[in-house]
Each structure stands twice: as C-alpha cells, then as structure tokens.
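The values are calculated or read from the model by the stated rules, or taken from the named source; none is laboratory data. None of these values were measured; they are calculated from a predicted model. Here the Cβ positions follow ideal geometry from the backbone for every residue, glycine too, while neighbour counts run over all protein chains shown.
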Amino acid sequence: TDEWLNNKDAPTFVLWDEDRIIGVLGVSIPLEGTCWLRLAAVIDGVDIQHAIETLWQTLYIHLQKQHIKSVWILGVHAWLTPHLQYLDFRYVEDVVTLRRNTSELPSTPQSDIAIDIRTLHMEDVPMVADVDRQAFHPPWQMTDDDIYHALRHAAIATVAQVDNKIIGYQISTKSHSIAHLARLAVHPTMQGRKIGAALLDDMIRRFQRRGISTMTVNTQASNTHSQRLYNRYYFERNGYDFPVWRFTFT
C-alpha cells in the first residue's frame, strides 16, 4: 500500500468529515489505459454507499482527464461488491484459486529446445517486464514497479532463458508452510514449448527441498490453458473464487 500512496501516478482520494477521514479510494498506476481499484475503505458508522459514490465522483473526473479507458477491481472484500453496480461496474469473470497438497510430481517436461533456468535478479526486471506485457493483455499486465515490488517479497524467483535471452519467468512467495505462485509468464512466441511447465516444475522442486509441498495459485476462470498445466501438477480448485468487475469510460 505504501508504494501506491507515495506515487503521484496512482491517485488516492480521502473523504473528510470535519477533522477525521471517513473514507479512502485509490487506484494503481495506469498501464495502457487501464488501472485497478486498489484501495477502498469506509469507517464504521458511515453510509457506505454515499461515501463510495462521493469518492468515486472525484476519482472518475481525475481518471477521465488522464484518458483512462477502464477501471478494474478484484472483489476480495464482500462488503464493497453490492455497491459496485450502482457505480456502473460490470461483472467480467472470476479469478479462481487452485491448491496443491502433495509431494507427487508428473514426469519432467521435455522441450524441443534447451532451456536454462536461473535466479531472477533485479537487473533482469526490464526484460522480465517486457515478457510480461507481451504475455498478458490489459489489465493483467504488470509494470516494472509491480515486478520490483513482487521480487522484493519473493521466496523464489526464476527466469527461463533460451540462447541467453529471457523468455519466461516466475515469482513465488511463502507464508509459513504454504507457497504461492504469484506470477508465471512466457513470451507468446515461445508458448507451447514446455517453458511454463519447466518453470513450474523447477519452482515446485525448489520448495520441496525446503520442506514445502502445499502451494496455491490464482488464474482467470477463462484461462483454461494455464489451468490444464496446473491440473497436471495436481493443483485443484478449492472454491476460493473472486469476482472481477470493470468500469468502462464512454
């Protein structure tokens, strides 16, 4: 949150009642005309609908001047969801959670090219960010700052190289005895060649050497390709799905 609040490109607005803050609404740094609603809070005892609408009106004007095309939100907090439709947000799809609770692994993926997997370093971030923006469409892309931030909190972060060129990467975190695959991306020109599987396989083995076999990952419900890969590695949906909503400027 500090990264967003301290960044002039990620506007955050507060609602005051005399000398106290009663509400906050803020978005991420825009990327290719899209941004995420990252921060929303209203204190107890305040009319939530009125507070959110008041904050949104100010944020709307600001984003419109910045020529933002759409604002997205992941409905992690149920209290906000009922108010989104009043702001003309529309449901898009779910982000699903998959969980792996086994030490078993399928056979090692065999690619038709030589893949080198190594640790991801800070100096790799610009090249990794380019891969990310090629692999994903807005709003799912990550900025350089997003990747720097993720890398600082990573337990394991690796890149896949072919002929010394970065063509894929993964970033994973750890909380106690559970690992989480936060990001996995492969350049579109290299997809379908077992590179994602190689990164995933390597990551799982690294965590297992640390005694960690339980892992989670999130992906869009519509991303059936990634779900097939995760299913092959014994990830299964656990029912923790979150709705994605979008507001489109007209």
| request: Could you check how many residues of the range 104-131 are surrounded by 12 or more Cβ atoms within 10 Å (Cβ to Cβ) and either touching a Ser or Thr at 6+ places or on another chain (Cβ under 9 Å) or not assigned by TED's automatic domain parsing to the domain that holds Asp201 (or both)? | output: 4
| task | Can you confirm whether the range 198-209 contains a residue that is part of a helix (DSSP H, G or I), touching a strand residue (DSSP E or B) at 6+ places or on another chain (Cβ under 9 Å) and of a type in the set (Lys, Arg)? | result | yes
| Residues of the range 210-233 being among the small types (Gly, Ala, Ser) and either touching a residue at least 60 places away in the same chain (Cβ under 8 Å) or assigned to a helix (DSSP H, G or I) (or both), which ones? | Ser213, Ala221, Ser222, Ser226
| Has the range 33-50 got at least one residue that is hydroxyl-bearing (Ser, Thr, Tyr) and free of Cβ contacts under 8 Å to residues at least 40 places away in the same chain? | no
| said: Given the condition surrounded by 14 or more Cβ atoms within 10 Å (Cβ to Cβ), under 19 Å from Phe242 (Cβ atoms) and touching a Lys or Arg at 6+ places or on another chain (Cβ under 8 Å), answer yes or no: does some residue in the range 76-87 qualify? | reply: no
| Sole residue being under 13 Å from Leu98 (Cβ atoms), surrounded by fewer than 21 Cβ atoms within 10 Å (Cβ to Cβ) and either among the aliphatic types (A, V, I, L, M) or at pLDDT 95 or above (or both), chosen from Tyr234, Tyr240, Tyr230 | Tyr234
